[in-house]
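Take a look at the structure set out below.
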Amino acid sequence: SEDFSEDASYLDLWVFDAWEKRVLRNQSNQQLLELPQTMHFLHLLGLDTHGHGFRPNSRQYYGNIALVDRGIERVYRAMEERFPD
């Protein structure tokens with residue numbers, strides 16, 4: 001019932017929003033955030049879907065790359081702010 005043939009980039013937007021809500025704004029994650037060498041894995045399904053569905057040289061794929069670049073910058077800035085050391 002899921003159709004990603006038009007625009008799957010909303011999947012990546014959801015990942016970035018969910019990461020911010022669950023990791024940065026959730027006080028119950030404080031202990032998790034303070035563990036040494038914690039890794040954050042973001043599964044960017046929209047980018048993968050566009051690559052397979054429209055091909056790597058498509059307008060949709062390049063547009064999604066730009067969206068993901070902005071999202072990664074958002075994550076980076078948030079992590080730098082949260083963990084300045």
Condition broken by MET39, with the remaining ones in (1) open to solvent by 90 Å² or more (accessible area, probe 1.4 Å); (2) more than 13 Å from the chain's Cα centre (by Cα); (3) within 19 Å of ALA8 (Cα to Cα); (4) not charged (D, E, K, R) satisfied: (3)
Restricting to segment 18-68, name every residue that is among the charged types (D, E, K, R) and farther than 16 Å from GLU6 by Cα. GLU20, LYS21, ARG22, ARG25, GLU34
What's the total number of residues in segment 70-85 that are within 17 Å of TRP14 (Cβ to Cβ) and at pLDDT 90 or above? 5
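The values are calculated or read from the model by the stated rules, or taken from the named source; none is laboratory data. Keep in mind that what you see is a predicted model, and the values were worked out from it rather than measured. Using ideal geometry, Cβ is built from the backbone for each residue, glycine included, and neighbour counts are taken over all protein chains shown. Note: accessible area is taken over every heavy atom of the protein model, side chains too, but ligands, DNA and RNA are not part of it. Shrake-Rupley method; radii C 1.70, N 1.55, O 1.52, S 1.80 Å.
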